[in-house]
Amino acid sequence: MNPRFADLTLEGQHVVLEPLTMAHAEQLRIAASGPRDTFNYTWVPEPTVEDVTRYVHEAERQRDAGLGHTFATIRRVDRTVVGSTRYMNAEYWTTTDRRASDAVAPDALEIGSTWLSDVAQRSGVNTEAKLLMLDHAFDVLGVKRVTFKTDARNQRSRDNIERVGAVFEGVLRSHMAASDGGVRDSAMYSLLAAEWPSARARLAARLRPIVT
């Protein structure tokens, strides 16, 4: 297990991101059982015990292999699991003489596989989750680049990625299996370490304050 990902929890005003485990499985199943019209292009488990169990076990396998870290997205006000997001596809670059890197932290990674139940969308949860994850990626892990990708047909997801401040890099044609069947084109975006301070200021300004 990568020590930079082990037991990593990120906490903000709206959201808590905890390592996804079977302890979250039932609430995750409930979150996936609501309206699914926004899940057309996203890998979201079916609301069954079997599929949620498979989803959690795959997340744990990737975490143990040091390839990423999957979070349960928890609404802080009532501690309800409302979805999931993850660090994924961690890259450990070779050295200048082409030797394998011995770095503990990745040089680059992807933020993706993000989904929220209908009741948590447009609530500030996703904005703060991205802020927490990007802060940790750039300021703690010290990555040089964060990648985002989405089904090229998913305009809603593309708009959300662009609002984070990521730069569109192009479309990879016939890139991977589509969540709704067939093969999809992937719209690719990135955010670099040098771009994060200004992007962070814009993202933080969009975060809704807690109403008391």
Q.
I need the fraction of alpha carbon pairs in region 95-212 separated by more than 23 Å, rounded to a whole percent.
A. 39 percent
Q: Compute the relative contact order of region 1-158 as a whole-number percentage, counting only Cα pairs closer than 8 Å that sit 6 or more residues apart in sequence.
A: 25 percent
Q: Among DSSP beta bridges whose residues both lie in region 10-206, state the antiparallel percentage, nearest 5.
A: 90 percent
Q.
Beyond 27 Å, how much of the Cα-Cα pair distribution for the chain remains, as a whole percent?
A. 29 percent
Q: Write out the chymotrypsin sites (Phe, Trp or Tyr not before Pro) in region 102-209 meeting two conditions: DSSP loop, and at most 10 other Cβ atoms within 10 Å of their Cβ.
A: none
Q. For the chain, what is the mean residue ellipticity at 222 nm derived from helices alone (per DSSP H run of n ≥ 4: -39500 (n - 2.57); sum divided by total residues; nearest 500 deg cm²/dmol)?
A. -8000 deg cm²/dmol
**Q.** Over region 1-117, volume per residue of the alpha carbon convex hull, in Å³
**A.** 111 Å³
Q: Find the Rg to Rh ratio for region 150-212, where Rh is the Kirkwood radius over alpha-carbon pairs and Rg uses the same atoms.
A: 1.11
Q) If we sort 180-187, 104-111, 73-80 on the protection proxy, mean other Cβ atoms within 10 Å, highest first, what's the order? A) 104-111, 73-80, 180-187
Q) Can you work out ³J(HN,Hα) from phi for every residue in region 190-195, in order, using Karplus 6.51 cos²θ - 1.76 cosθ + 1.60 and θ = phi - 60°, giving whole Hz and x for Gly and Pro? A) 8, 9, 9, 4, 5, 8
Q | Point-to-point label distance, residue 101-residue 140, nm (Cα→Cβ direction, 7 Å offset) | A | 1.8 nm
Q.
Placing unit charges on C-beta atoms (Lys and Arg positive, Asp and Glu negative, everything else neutral), compute the dipole magnitude of the chain about its Cα centre in debye, rounded to 20.
A. 520 debye
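Bear in mind that the values in this text are calculations on the coordinates, not laboratory data. As the structure is a computational prediction, the values presented were derived from the model and not from experiment. A quick note on method: Cβ atoms are made from the backbone with ideal geometry, for glycine too, and the neighbour counts reach across all protein chains shown.
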